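The values are calculated or read from the model by the stated rules, or taken from the named source; none is laboratory data. These numbers come from a predicted model, not from an experiment. Counting neighbours? That spans all protein chains shown, and the Cβs are built from the backbone with ideal geometry, glycine included.
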Amino acid sequence: MNLDSVKSWDVETQRKFWNEWDARYLQDSTIGDQALRRGEAAISLLKSCSLERPHIVEFGCGNGWLAEKLVEFGPVTGVDIAESAIAEARRRVPGGTFYAGDALSLDLADEIFDVVVTLEMLSHVPSQPGFVQLMARVLKKGGYLILTTQNRTVYMRRRGISPPAEGQLRRWVTMRELRNQLHPYFDLLKATTLQPAGDLGFLGIINSTRLNRLVAKMIPRASLEHLKERFGLGQTLIVLAQKRFDG
């Protein structure tokens, strides 16, 4: 998809879309199982960094459901384009600092955070290189990036994916593309995928019910899922990266 031809460049149109999107969660205060799984994985990576009261910023914080957990580790700043989501985040996490606005336009100081967390936001920004540069800029040297985003290898082989709505930017990446985008600023410490999916092409075979029933007789289902994730067949890319000290 050529983003230059999409009206969604308009920030106000994007804000309208995400206000409506987040309102679905605000109405019933539930978070889907897939989002929870990503959140759990992000928390696990944060724990592995063994930091003492790190200053954390979450880009694309939504209604604060993850920030509510992150604040247990240290001070949290959240950023989201949807004002309605930020209003809910402030209610959920009264000790946090939250900004409603376009992350690329906010005037955040350089090198003030120990950790950047961002779940499923990379594919929705107008400039992915600009977003990566922003995350590197606000991180202290040696700071950590925890990022998840949609795996294009899988999403291009899934049925029932609707085209982008007005105001919804969408540009999925592969793990190789993600590595290349992070490379100028970060050293990659961990990289894997989550939640195996896909029902078209070779993934239709790998994930077929019949084949998985046969394999399950030899390998426990959880082990099989883990193998698929390690081989890059999860629908979510997840990485832990560290900003270079000489960056």
Per-region count, segment 176-200, residues over 17 Å from residue 243 (Cα atoms), surrounded by 19 or more Cβ atoms within 10 Å (Cβ to Cβ) and among the aliphatic types (A, V, I, L, M): 2
If I go through segment 114-148 residue by residue, how many of them are under 14 Å from residue 186 (Cα atoms) and acidic (Asp, Glu)? 1
Some residue of segment 141-148 being under 14 Å from residue 57 (Cα atoms), surrounded by 21 or more Cβ atoms within 10 Å (Cβ to Cβ), within 19 Å of the chain's Cα centre (by Cα) and not hydrophobic (A, V, I, L, M, F, W, C): yes
So which residues in segment 180-196 are closer than 12 Å to residue 149 by Cβ and in a helix (DSSP H, G or I)? 181, 182
Consider residue 154 carefully, then state whether it is in contact with a strand residue (DSSP E or B) (Cβ under 8 Å, 6 or more places away or on another chain), assigned to a helix (DSSP H, G or I) and β-branched (Val, Ile, Thr). yes
What strands (runs of 3 or more DSSP E), lying completely within segment 19-138, carry at least 2 residues that are surrounded by 21 or more Cβ atoms within 10 Å (Cβ to Cβ) and either of a type outside the set (D, E, K, R) or at pLDDT 95 or above (or both)? 56-59, 76-80, 113-119
